[in-house]
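Comments concern the structure below.
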Amino acid sequence: MKTYSQKSAEINRKWWVIDAQSLPLGKLAVVIADKLMGKSKVTYTPHIDNGDYVIVVNAKNLVVTGNKMVDKMYYRHSGYPGGLKELRLEEVVEKDPSRAIKEAVKGMLPKNKLAAERLKRLRVFDGAEHTHTAQNPKEIK
């Protein structure tokens, strides 16, 4: 038997919707990264980006366990001396809830040339409504 390798023309993308308040942040990021990479498909090929689109709703109602809302820190640097900025998870969720989800998913994706394209297929919405009803997304339980 020969190993099957999917071609770029054979890619079939689906749309999925998941509720952010149904799972803790880490487990949510694992499910999203799996769908974005296409690892749950039988046609998974590592060098071809055959993942699906994922819509996340209720990002402002993000669930975390333990004291992560207070203890978890997000860092960025301006590039200048003393330019380290840090925010707690509760501040990030208050300011931009989608950032916490996007950074968690980005950390779960492989660090290669396909990561940026995969991350573009992630759509995060603060409330329960989303603008992609025309795509008829299936709900992930």
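The values are calculated or read from the model by the stated rules, or taken from the named source; none is laboratory data. Note that the structure is predicted; figures quoted are calculated from it, not measured. Cβ sites come from the backbone with ideal geometry, for glycine too, and all protein chains shown count toward neighbours.
Do we find a residue being within 28 Å of Gln135 (Cα to Cα), of a type in the set (Phe, Trp, Tyr) and under 18 Å from the mean Cα position of the chain (by Cα) anywhere in the stretch 38-53?
yes
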Would you call Ser78 of a type in the set (Gly, Ala, Ser) and farther than 20 Å from Gly107 by Cβ? yes
Report, by residue number, each residue of the stretch 77-98 that is surrounded by fewer than 18 Cβ atoms within 10 Å (Cβ to Cβ) and either modelled with pLDDT under 95 or not in a strand (DSSP E or B) (or both). Ser78, Gly79, Tyr80, Pro81, Gly82, Gly83, Glu90, Glu91, Glu94, Lys95, Asp96
Expected single match for under 14 Å from Trp16 (Cβ atoms), not polar (S, T, N, Q) and not in a strand (DSSP E or B) among Gly127, Gly51 is Gly51
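Just a yes or no: is a residue in the stretch 107-119 in contact with a Gly (Cβ under 6 Å, 6 or more places away or on another chain) and surrounded by 13 or more Cβ atoms within 10 Å (Cβ to Cβ)?
yes
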Under 9 Å between Cβ atoms, at least 6 apart or on separate chains: pull out the pairs that start in the stretch 77-91 with a residue that is in contact (Cβ under 8 Å) with a residue 24 or more places away in the chain and end on any residue that is of a type in the set (A, V, I, L, M, F, W, C). Leu89/Leu25; Leu89/Leu62; Leu89/Val64; Leu89/Met69; Leu89/Val70; Leu89/Met73; Leu89/Ala100
Condition first: surrounded by fewer than 18 Cβ atoms within 10 Å (Cβ to Cβ) and in contact (Cβ under 8 Å) with a residue 24 or more places away in the chain. Now tell me which residues in the stretch 23-43 satisfy that. Leu23, Pro24, Gly26, Val30, Thr43
